[in-house]
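Colleague: Got a structure for you, written out below as structure tokens; questions coming shortly.
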Amino acid sequence: MVKSYSESDVKILTDALGHIASNPRMHIGDKYAPENLIARLVGDLMLAGSNNIAVERHNDWWKISSDIDWLREKDGSISYDEFYSFVPIIGAELFRDKASVILNAFSIALVTVGPDGLKVIKGSYENGDLPLGDNYIKDVIGRELLVKLPSEILMPPTELR
């Protein structure tokens, strides 16, 4: 027998970051690994049409570079919405949200650099652990994401059913 649902069964999520932090298993599985989050973003960039993607690691910081500015909208504006809300991936075989909001939820710090300059999404990079040269911003082609991820996160206990 197939269960039917009504509109009252649908819960609208208005706090994506809070939902992800409260339900980590739903978004990253049973085991957290920073590499899995980075790989998911790389997959998103491939689906967005990027032909050149580079990943570098500097201690706890990850730098993901793309030859395209994946935050640029069709009208030319830059949108940071995908860091704060669930935004579906256009062209993905299965419905899933972009990795940016998940990275933001678990990151210690997150910075994006593109033609619009440097934008701190979360935390800070100014404590000296991420060296950015004087010409760094003007040398960026496409978009770069710099994210500091924890080595581990606390997972809530699994509920028994």
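The values are calculated or read from the model by the stated rules, or taken from the named source; none is laboratory data. Quick caveat, the model's predicted, so the values are computed rather than measured. Because the Cβ atoms are built from the backbone with ideal geometry, glycine has one as well, and the counts that use them run over all protein chains shown.
Colleague: Name the residue that is farthest from M155 (Cα to Cα), counting only residues in the range 48-59 that are crowded, with 16+ Cβ neighbours inside 10 Å and of a type outside the set (V, I, T). Break it down into steps so the answer makes sense when it comes.
Modeller: Let us first name the residues in the range 48-59 that are crowded, with 16+ Cβ neighbours inside 10 Å, namely 48, 50, 53.
Applying the additional criterion that residues be of a type outside the set (V, I, T) yields 48, 50.
Working: A48: 31, S50: 33 Å.
Filtering first and then ranking leaves S50.
Colleague: Please indicate, with yes or no, whether at least one residue in the range 40-49 is more than 24 Å from A109 (Cβ to Cβ) and more than 16 Å from the chain's Cα centre (by Cα).
Modeller: yes
Colleague: With the structure loaded, tell me whether D69 is surrounded by fewer than 16 Cβ atoms within 10 Å (Cβ to Cβ), of a type in the set (D, E) and assigned to a loop (DSSP other than H, G, I, E, B) or whether it fails that test.
Modeller: On the way: surrounded by fewer than 16 Cβ atoms within 10 Å (Cβ to Cβ): no; of a type in the set (D, E): yes; assigned to a loop (DSSP other than H, G, I, E, B): yes.
Answer is no for this residue.
Colleague: For T112, are the conditions met, namely being surrounded by 20 or more Cβ atoms within 10 Å (Cβ to Cβ) and of a type in the set (S, T, Y)?
Modeller: Values: surrounded by 20 or more Cβ atoms within 10 Å (Cβ to Cβ): yes; of a type in the set (S, T, Y): yes.
For T112, the condition - surrounded by 20 or more Cβ atoms within 10 Å (Cβ to Cβ) and of a type in the set (S, T, Y) - is met.
Colleague: Right, something else. What number of residues within the range 45-89 are β-branched (V, I, T) and under 25 Å from T14 (Cα atoms)?
Modeller: Let us first name the residues in the range 45-89 that are β-branched (V, I, T), namely 53, 55, 64, 68, 78, 87, 89.
The next check asks that each one be under 25 Å from T14 (Cα atoms); those that pass are 78, 87, 89.
The total comes to 3.
Colleague: Still on this model: In the range 125-148, which residue that is within 12 Å of W61 (Cβ to Cβ) and surrounded by fewer than 20 Cβ atoms within 10 Å (Cβ to Cβ) is modelled with the highest pLDDT?
Modeller: As a first pass, look at the range 125-148 and keep what is within 12 Å of W61 (Cβ to Cβ): 125, 127-132, 144-148.
Pick out the ones that are also surrounded by fewer than 20 Cβ atoms within 10 Å (Cβ to Cβ) and you get 125, 127-132.
Details: Y125: 73, N127: 59, G128: 58, D129: 63, L130: 65, P131: 56, L132: 63.
Per the stated criteria, the residue is Y125.
Colleague: Still on this structure: Pick from the range 89-106 the residues that are over 11 Å from L17 (Cα atoms) and modelled with pLDDT of 70 or more: which of them is surrounded by the most Cβ atoms within 10 Å (Cβ to Cβ)? If you could, list the steps in order and put the result at the bottom.
Modeller: Kept after step one, since they are over 11 Å from L17 (Cα atoms), are these residues of the range 89-106: 89-99.
With the extra rule that they be modelled with pLDDT of 70 or more, the set shrinks to 89, 97-99.
Working: I89: 17, D97: 19, K98: 25, A99: 23.
Restricting to residues being over 11 Å from L17 (Cα atoms) and modelled with pLDDT of 70 or more, the top hit is K98.
Colleague: Let me ask something else about it. Which count do you get for residues in the range 21-56 that are polar (S, T, N, Q) and outside any loop (DSSP other than H, G, I, E, B)? Show your work before the answer.
Modeller: Taking the range 21-56 and keeping what is polar (S, T, N, Q), we get 22-23, 36, 50-52.
Adding the requirement that they be outside any loop (DSSP other than H, G, I, E, B) leaves 22, 36.
Looking only at that region, the number is 2.
Colleague: Next up: Could you identify the single residue in G76, G18 that is among the small types (G, A, S), without any contact (Cβ under 8 Å) to a residue 24 or more places away in the chain and either surrounded by 13 or more Cβ atoms within 10 Å (Cβ to Cβ) or assigned to a helix (DSSP H, G or I) (or both)?
Modeller: On the way: G76 fails: either surrounded by 13 or more Cβ atoms within 10 Å (Cβ to Cβ) or assigned to a helix (DSSP H, G or I) (or both).
Just one listed residue meets the conditions, G18.
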